[in-house]
Amino acid sequence: MSDLWARQRLDTPRTSRRFAVNFDVEAVGRFSESIARFLGTGRYLAIQTVVVIIWIALNLIAVKWRWDPYPFILLNLAFSTQAAYAAPLILLAQNRQENRDRVSLDEDRRRAEQTKADTEYLARELAALRLAVGEVVTRDYLRRELEELRDMLTDLQQPQASADGAAAGASDGSERRSKRPG
């Protein structure tokens, strides 16, 4: 209702003072593509072949119906007219297909760039994780360090035992020091 009111108001300018015929350019393109698709089918070729055979047969055999005598000038004119319309329709259909292909190619290129950027990002993240994992303490490293610490504690406790127990502890402590890896 408000649209109707806006059209009737005198203080609101119209968008256009001329009567314009609006037609959908895409509708013409879709129609031309459907004709171009039909012209490229075996069904069309079969129908055209049957029509030409009937045309020639009627003009050769039926003497009373001869509307196009032997050189078949009217048939030739019909084929020329058909070719005159078919060629631009096929070109229009090809142009539309080319535009669709261009848009598809642009979309594929954009998607490929995004995939490449994502892959590079994931590669950088993976490299950062590898560096971070390289700095993490492993179980074997921790076990070796704890064994060395235990050996050092036993070595420190051995001198106290040797002071309490005499010479047996001193020879035992020297053996432990020689067993420990340097």
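The values are calculated or read from the model by the stated rules, or taken from the named source; none is laboratory data. A quick note: this is a predicted structure, and the numbers were derived from the prediction, not measured. Cβ atoms come from the backbone with ideal geometry, glycine included; neighbour counts cover every protein chain shown.
Can you confirm whether ALA84 is closer than 22 Å to PHE31 by Cα and assigned by TED's automatic domain parsing to the domain that holds GLU26? So that I can check it myself, show each step before the final result.
Working: closer than 22 Å to PHE31 by Cα: yes; assigned by TED's automatic domain parsing to the domain that holds GLU26: yes.
When the stated conditions are applied, ALA84 passes them.
When you look at TYR70, is it among the aromatic types (Phe, Trp, Tyr), free of Cβ contacts under 8 Å to residues at least 24 places away in the same chain and surrounded by 10 or more Cβ atoms within 10 Å (Cβ to Cβ), yes or no? Explain how you work it out, then say what you get.
Numbers: among the aromatic types (Phe, Trp, Tyr): yes; free of Cβ contacts under 8 Å to residues at least 24 places away in the same chain: yes; surrounded by 10 or more Cβ atoms within 10 Å (Cβ to Cβ): no.
Answer is no for this residue.
Quickly run through the stretch 98-143 and pick out the residues that are among the polar types (S, T, N, Q) and modelled with pLDDT of 90 or more. Outline the logic, then answer.
Here is the first cut: in the stretch 98-143, the residues among the polar types (S, T, N, Q) are 99, 104, 114-115, 119, 138.
Passing the criteria: ASN99, SER104, GLN114, THR115, THR119.
Does ARG30 fit the bill of being surrounded by 11 or more Cβ atoms within 10 Å (Cβ to Cβ) and charged (D, E, K, R)?
Numbers: surrounded by 11 or more Cβ atoms within 10 Å (Cβ to Cβ): yes; charged (D, E, K, R): yes.
So ARG30 fits the description; yes.
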